[in-house]
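Written out below as structure tokens is the structure these notes cover.
Any read-out appearing in this document is the output of simple, stated calculations on the displayed coordinates, not a laboratory observation. If you're wondering where the values come from, they're calculated on a predicted model, not measured in any experiment. Glycine also receives a Cβ, built like all others from the backbone with ideal geometry; neighbour counts cover every protein chain displayed.
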Amino acid sequence: MLKLPGDCAEGEIPLRLELRGITKRFGDLVANDHIDLTVEPGEVHALLGENGAGKSTLMNQLYGLLQPDEGTILVDGETRIFRSPRDAIAAGIGMVHQHFMLVPVFTVAENIALGAEETRGGPLGWLDRRRNRRDVLETSQRYGLPVDPDALVENLPVGAQQRVEIVKALTREVDLLILDEPTAVLTPQETEELLTVMRALSDTGKSIVFITHKLKEVKAVADRITVIRRGRTVGTASPDTPEHELAALMVGRDVSLEVDKGPADPGRQVLKISGLIVDDDRGVRAVDGVNLVVRAGEVLGIAGVQGNGQTELVEAVMGLRPARAGTIHLDNENLVGMSTKRILRSGVGYIPEDRSLDGVVREFSVAENLVLDTYDRPPYGNAFRLNPGAIASSARDRVEQFDIRTSSPDSAVSTLSGGNQQKVVVAREMSRPLRLFIAAQPTRGVDVGSIEFIHSRIVQERDVGTAVLVVSSELDEVVGLADRIAVMYRGRILAIVSPDTPREEIGLLMAGITAREEESEQ
Amino acid sequence: MATATVEDLTEVTAPNRFWDRRRRLGAALVLLGLVAAAVFGAVAASETARFTLSENAEGAALSINGQFGAILFGIVTIAAGVTLLAGVARKWQTTLLGIGIVGFVLSFLCWQVAGKFLPLVDTASGTLELALPLILGALAGVLGERSGVVNVAIEGQFLMGAFFGALIGTMATSVWTGLISAAIGGLLIAAMLAVLAIRFLVDQVVVGIVLNLFALGVTGFLYERLMQPDAQTYNTPPQMPSWRIPGLADVPVIGPVLFDTNLLVWLALILVVAVHFGLSRTRWGLRTRAVGEHPTAADTVGIRVRGLRYLNVLVGGLIAGAGGAYFTLVATGSFTKNMTSGAGFIALAALIFGRWTPFGAFGAALFFGFAQKLATYLSAVGSPVPSQFLNMLPYLATIIAVAGLVGRVRAPAADGQPYIKS
Amino acid sequence: MTTDDAVKATEAPPPPDRRTTESRSFLRHFLYLIWSANTVVVTVLSVVLAMIIGAILIIVSDADVLATFAYFTARPSDALTGSWDVVSAAYADLFKGSIADPEAVTAWLNGTGTWQAVFTPISETLTYAAPLVFTGLSVALAFRGGLFNIGGQGQAVIGCITAAVAGFALPLPVVIHVLVALLAGLVGGALWGFIPGILKARTGAHEVITTIMLNYTAGLFLTWLILQNGVQDPNRTDAISKTVDSSAQLASFGGALRVNLGIVLAVLVTAAIAWLLSRSAFGFEVRAVGANPAAAKTAGISVAKTYTLLMVVAGALAGLGGATQVLGTAHALTPAVAGNIGFDGLLVALLGRNRPWGTLLAAILFGALRAGGNRMQSFSGISLELVTVLQALIVIFIAAPALVKTIFHLRAARAARLGASMAKGW
């Protein structure tokens, strides 16, 4: 496993960081409201909060990407102003972003060298490739983070790319490392490795600020926890604090992690997928022979870490991505090769996983978004013309039914909050007779109140006999909603389990370890 | 463990399509080759086609029977196409495509030159000269676009370069002052492009087109006000002298082409090499490419994205302006309205056809220069092929390139997107 | 930070100075609107700014006036009056040539002049404007769908060709001939728009490049075609085609009043496009795809089909513009028959914010500039190229409203959406 360097390397000066009263506004929105934070030298400090709480904004100010409107940053007692990442790096602060800041077409060495290249002089700076490579290998070995300097970043798996990002920060001789949601795209195995690396780094004297919303990881590795909610610090805690208390601090009230639903009454097979093979954008096999059945009146949940083919599977069912082989039957029709429009017309509802990208048209009004896939059908219109009256009155009805908070159905959808935008998508899809309802990441980036509403509507849809397929990377959501859970790993369904299955087992499946492998290991 | 395991999956393999890109290219080449062999071969006169190794009809020559040559090279094209159809490794794809196209062109030439002569030296040096502004314009495009700024205003930069080269060159009676002024003329348009695109976030394609019209208007206006009434004072710039490197200039064919020519040609050739090595081997090049592919990543390591883009666009403007000097200080002796008539867009085409790389752009520019030279030659010898259709060649070739028929052309990932700190 | 500071920091910021509109007088409200830079204000200021720069160009290129600047410090009045004279004469001609000449009006009122002379400037304006409406709509519609149609020029040229050939090659009775010729122009342009459309849909080839390349191809094709047997005017040796039959020409008032039915057609088509965008299913698809192609695709709209059909319609519009030009004004094909209407159409669309009626108004403005420019060239000796410069400058300032605001120190408007900032690349 990982080798740990025994002692603190020479020249390591522990860094003490203090943030006082940091405030940042974006127009009327106060993203950070007088936040105080102290990070002791050599400490792993977790910054815990929900999506949208303001954690990333705070760290972006610490890294010089944004400037605070009010407040001060003190490094080792001295006030510092960071106008750009250069200043932060010079003060010994490094950052690994949630969305990797790596140039895909460059090699690992080029990415790490970027901004701090070793050169052999000349007006344009002739690159010293050998020294750049050597620096990478040195840092990599010193901290036990194996990377291949000549590999192209776009060919590396996600965990390896993250290692490159960490090595990149470490080569700048940082004393405080900020990690922004580092485990969002890692398998449980890779997460374990990362947590070990974090502990090792802090043992060498580096301080780490670890931004996340995952309670278990925080308890596993943090020395201290600061909880942020709605832009404000709501308290510091120690890792012994029980989970439900931490969750309550995060969301502000007792959160029921259960979904209110009765038993399912499954009927006929509505969706039958056989031997489905789908490639991703780069031509790599993403769905590798999937067989799946969803019955009327049940919710089938697909669990798995993001990036194991769930996205491509759903896109293939909806006709948004070609299937290389296999069949997808909706009752008796094969959907493979059908246009998305026909699939939607056949009684399929679809909530895409990235609503701002492909769920709503931000410039359109709420009313227009509500008919985005039915505008050319009576009563909203026909193949030639629209029927504005019908569109408007139906919009009013649905805004009320689905509790969409908007000043008017003619307001642009961009003025709505994330949760309400998602409700627009849900309203659009659930307002017509459906045989099959597919929801991908239905509550990502949605506030708690809207989450409960959307979950209840999904259960309602199941209860009227629709077959429901839910894909989510939040295991809690899948366990709460589904009647059966299919675990997807590397493009295959490893197993189909009941929601009562112990979480550790599901976690192992999500990491690709099946019952057979486990047994053979024993 | 209460799990319901899934049955063993039977291996399902997806079929590989037969008509992939390689095969389609091969089929197209076979078709071209058939046209060459059958049509050109049929109508070609059975007389000798002489490709002389000098500037005129005398001297040593490569001779070949017109009809025989047309059929022969047509067969070469067919062979290349058949090889592609049969399926070869990807690395041979471009070479075979090149062979196929060269074969087609040679077949065509055999037909046209049968019974006449084609002076190779004159053709080569003419090609290089006609390609000269295209090379410089395309290089200017490379600099800007590799750092993420689309430059459709090359045409405007040419016009300003040509105009100021003529104007200041005449007034200072020095071709070198003219050249420098031409570069500055291009710089002016580049500065407007940079400010509007980088600072004011105007759409870059729109800005480029509008700047072209602006340059057209300004140069036309000043031409009518200053040059037309008094050409002597304003519009008779000295021409760029031809310099000869003794020894090297005596090498057959390439000698006179490369070593007995004007400074601008050498400047262009040096710049191609310089930009290539600059982009791939220097810190500036690494940062430029990073800014063009993933500006946010570059920003987070402390690179000044906007500053670098400004620098590259402005330097590109200097180069394009120098390219404009070609028109008034090398090709003709004076400025006329709209004299570039689309050369800037052919340079843009060369940039894209050459996949945003210096050597690629150089090759594409030579190809387009050759097409133009051929058009002049053919109309001089009274060929039945109308010159207008030959002049269409660069434009049609670019459409074919962009439509991916010769492989995907991929612009730098952040090309055209202004960088906004969020 | 002391406790006091901390307390102050937590207080709400002072309320902005925003009294309700009812409480302000009308004058105050008017001044507030001017100050806050909405669309109309920016347009007007852009025109003013462009004219100022144009004035500088006029002064700089007039040798006599330049001479007076040489001794500016000694006698500034010479330079100033000289400059004022030449600029005001030029811009007065611009007005007289495009809208009305006060002398002609007074002449008509006291019986020494004809009413035709009074309306000639407006007739010229509308004559130049008509084809620009079509090419402008072509670009504007395409922009709404997210496509850059830079190919208006080529599509108009092909439209000229097909309309003209239908005009002199088909023997048809009066009304039918016009309609058939217009239809031919429409179809020709549609074909020239179809090519980049299908390439974009099938291969992703960027339409900016393909349309620009097709522009030059069309121009070269035109120069070749004019000289061919069957097309070239048999009585002429220069590059001009046969004249379009009178039965195919668009009726005009006759004499000095060149304005023809083209402008009427332009208004009708503008209304049709406005309806298309806001009330038709296709218009909905175009707007959705233009705003967010991914969401449109997810909702079942076929982006490829929309792009193709959009380019066909855009090409048809530009082709109609070419047809109007050749059937209404030029009446025969020459290498420059389409003038610059394609590129001017691009500027017109930008000025009109890609909205149908805005495009119509912008086309009329450009037509006025062109008509006035003609007179400015004949009477004041200022080159017509100045009009090109003015047009380009106006559009630059429109497209960069931030620039105008900086120059005039205007505050940002809250409601008005300025400029078509659709920053995209290849």
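What is the distance, in nm, between label points placed 7 Å from the Cα along the Cα-to-Cβ direction at residue B:266 and at residue B:311?
So the label points at residue B:266 and residue B:311 sit 2.8 nm apart.
Enumerate the amide H contacts of residue C:240 below 5 Å, restricted to partners 5 or more residues apart or on another chain; note that Pro and chain-start residues carry no placed amide H.
C:233
Order by neighbour count: A:505, A:474, A:461, fewest other Cβ atoms within 10 Å first, most last.
In increasing order of surrounding Cβ atoms, one gets A:474, A:505, A:461.
What whole-number volume per residue, in cubic angstrom, does the convex hull of the C-alpha atoms of region A:33-87 give?
Expressed per residue, the convex hull around the Cα atoms of region A:33-87 is 99 Å³.
As a quick test, which of the pairs A:341/C:200; A:219/A:261; A:55/A:168 have an alpha carbon distance above 26 angstrom in this structure?
Long pairs (Cα-Cα over 26 Å): A:219/A:261.
Can you tell me the dipole magnitude for region B:122-402 around its Cα centre, using point charges on the Cβ only (Lys, Arg +1; Asp, Glu -1), in Debye to the nearest 20?
It comes to approximately 760 debye.
For every helix of n ≥ 4 consecutive DSSP H residues, a contribution of -39,500 (n - 2.57) applies; sum these over chain A, divide by its total residues, and give [θ] at 222 nm rounded to the nearest 500 deg cm²/dmol.
Calculated at 222 nm, the ellipticity per residue is -9000 deg cm²/dmol.
I need the fraction of alpha carbon pairs in region B:283-407 separated by more than 22 Å, rounded to a whole percent.
Within region B:283-407, distances greater than 22 Å cover 52 percent of Cα pairs.
Placing +1 at every Lys and Arg Cβ and -1 at every Asp and Glu Cβ, with all other atoms neutral, what dipole size does region B:21-115 have around its Cα centre, in debye to the nearest 20?
With Lys and Arg at +1 and Asp and Glu at -1, about 780 debye.
If the only charges are +1 at each Lys and Arg Cβ and -1 at each Asp and Glu Cβ, what is the size of the charge dipole of chain A around the Cα centre, to the nearest 20 debye?
Dipole size: approximately 1520 debye.
Among the aspartates and glutamates, which have Cα under 18 Å from the Cα of residue A:272 when same-chain residues fewer than 8 positions away are ignored?
Output for residue A:272: A:288, A:298, A:312, A:315, A:331, A:333, A:483, B:7, B:8.
Once the Cα atoms of region B:122-402 are picked out, what are the Rg and Dmax in Å?
Values for region B:122-402 (Cα only, Rg and Dmax): 18.7, 62 Å.
Straight-line reach from residue C:96: which aspartates and glutamates have a Cα under 12 Å away, not including same-chain ones fewer than 8 places off?
C:124
Rounded to whole Hz and in sequence order, give me ³J(HN,Hα) for region B:264-269 from the Karplus expression 6.51 cos²θ - 1.76 cosθ + 1.60, θ = phi - 60°, writing x for Gly and Pro.
4, 4, 5, 4, 4, 4
Return one quarter of the surface area of the convex hull spanned by the alpha-carbon atoms of the protein assembly as shown, equal to its mean projected area, in nm².
Its Cα hull, projected and averaged over all orientations, spans 62.4 nm².
Mind listing the long-range amide H neighbours of residue A:235? Cut-off is under 5 Å, sequence gap 5 or more, other chains count too, H placed in the peptide plane at 1.01 Å from N.
A:227
Give me the inter-chain shielding for B:147-154: mean count of other chain Cβ atoms within 10 Å, whole number please.
Across the residues of B:147-154, the mean count of other-chain Cβ atoms within 10 Å is 1.
If you rank A:510, A:338 by fewest surrounding Cβ atoms within 10 Å, what's the result?
A:338, A:510
Taking the beta-carbon count within 10 Å as an exposure proxy, list B:52, C:359 from fewest neighbours to most.
So the residues, fewest neighbours to most, are B:52, C:359.
Using θ = phi - 60° and the Karplus relation 6.51 cos²θ - 1.76 cosθ + 1.60, list the HN-Hα couplings for region C:166-182 in order, rounded to whole Hz, with x at every Gly or Pro.
Once θ is set to phi - 60°, the couplings for region C:166-182 become 4, x, 10, 9, 10, x, 9, x, 3, 5, 5, 4, 4, 4, 5, 5, 4 Hz.
Cα atoms only, chain A: Rg and Dmax in Å?
According to the Cα coordinates of chain A, Rg and Dmax are 25.1, 75 Å.
Residue A:471's amide H: which non-local residues (gap 5+, or another chain) put their own amide H closer than 5 Å, with H modeled 1.01 Å from N in plane and none for Pro or chain starts?
Distant-sequence amide H within range of residue A:471: A:302, A:439, A:440, A:441.
Which ³J(HN,Hα) values in Hz, rounded to whole numbers, follow from the phi angles of region A:374-380 under the Karplus curve 6.51 cos²θ - 1.76 cosθ + 1.60, where θ = phi - 60° and Gly and Pro get x?
Taking θ as phi minus 60°, the curve returns 10, 5, 9, 10, x, x, 7 Hz for region A:374-380.
For chain B, which span is the longest to avoid every loop-located (per DSSP) member of GluC sites (Glu not before Pro) having at most 16 other Cβ atoms inside 10 Å?
By the stated rule (loop sites, at most 16 other Cβ atoms within 10 Å), B:59-422.
Regarding region B:15-143, what are the three Cα extents along the principal axes, ordered largest first, in Å?
60, 46, 20
Taking the Cβ of residue A:472 as the centre, find all other residues whose Cβ is under 12 Å away and add up their charges (Lys, Arg: +1; Asp, Glu: -1).
So the environment of residue A:472 carries a net charge of -3.
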